[in-house]
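Chemist: If you scroll down you'll find the structure; I have some questions about it.
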Amino acid sequence: MTSTSPSRRVERKERLRGEILAAASKMFADRGYEAVTLREIAKEIGYTHAVIYQHFPDKWHILAELSRETIGLMVQNFDAIAAKHLSPRERLFATSRGLIQFCTAHPQQFRNVFFGPENRDGVRAGQYINDIGAPLFGRFVQLFFDVAKDEGLPNKNDIVVAHTWWFTIFGLATLMIIQGVVPDLPDQALVVEQTIATLWAGIKAVPRLPKSAITKRSGRSRASKQ
């Protein structure tokens, strides 16, 4: 009588875990997290749902694992690109392009992380994404600070301006994933370059807005609606 060696058992367990994650990732992206059940994931890979519980206590933990994996890959992508460029400005431009390219090349993973449920195990999606994405977001913010210092940008070493850059780049990536390639619209690569160029020109030309100006504008906006 032969028995399976410990290494074989570990290998088989890891392979099955990978199959669960791969199947769940596609099903979440295609149908939405809420519409997919553990039984359906198990059926997709040819097992009973009891097998899923040997690897994950519930569906939420599968999504959490997929999210951590995706953010980890995005961080690796950022670091690899940043290492190839010397000046902070070159790194900022290149990593901005790289973020958009990664997201559009991996729409399934992107959708799972950023288009998932609003309530994630009792935590609002925005807070949850911000927490797991902190290593990536932090890199972009610090890089922007490095650019401001290296380029001598007046009044630009500000978290609000750094986040404005990040939100714009991330928003463009999101739009491209939702919209896909539309033949009648400009080439996506050209849109990316134009966005970066426009952002950079604006950062150099527009000083940081004081809170008082923002408050006044908000007040005028509310008054006009009354």
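The values are calculated or read from the model by the stated rules, or taken from the named source; none is laboratory data. These figures come from a predicted structure and were not determined experimentally. Note that we place each Cβ from the backbone using ideal geometry, even for glycine, and neighbour counts take in every protein chain shown.
Chemist: Pick out the one residue from I20, I71 that is more than 30 Å from D187 (Cα to Cα) and either touching a Phe, Trp or Tyr at 6+ places or on another chain (Cβ under 8 Å) or not small (G, A, S) (or both).
Modeler: After applying the criteria, what remains is I20.
Chemist: Where the second residue is in a helix (DSSP H, G or I) and basic (K, R) and the first is in contact (Cβ under 8 Å) with a residue 40 or more places away in the chain and lies in the stretch 9-25, which pairs have Cβ atoms under 9 Å and are six or more apart or on separate chains?
Modeler: Close Cβ pairs satisfying both conditions: A24/K59.
Chemist: Could you tell me which of the residues E65, E44, E69, E11 is surrounded by 14 or more Cβ atoms within 10 Å (Cβ to Cβ), part of a helix (DSSP H, G or I), more than 22 Å from the chain's Cα centre (by Cα) and of a type in the set (D, E)?
Modeler: Criteria check complete, one pass: E44.
Chemist: Pick out, from the stretch 83-162, the helices (runs of 4 or more DSSP H) lying fully within it that include 3 or more residues that are under 15 Å from W200 (Cβ atoms) and of a type outside the set (S, T, N, Q).
Modeler: So the answer is 88-105, 134-151.
Chemist: List the residue pairs whose Cβ atoms are under 6 Å apart, where the first residue sits in the stretch 56-82 and is assigned by TED's automatic domain parsing to the domain that holds G133, the second is of a type in the set (K, R) and part of a helix (DSSP H, G or I), and the two are 6 or more positions apart or on different chains.
Modeler: F78/R139; A82/R91
Chemist: Any idea which of L143, L175, L185 is modelled with pLDDT under 90, assigned by TED's automatic domain parsing to the domain that holds L86 and closer than 23 Å to F110 by Cα?
Modeler: Of L143, L175, L185, the one residue that is modelled with pLDDT under 90, assigned by TED's automatic domain parsing to the domain that holds L86 and closer than 23 Å to F110 by Cα is L185.
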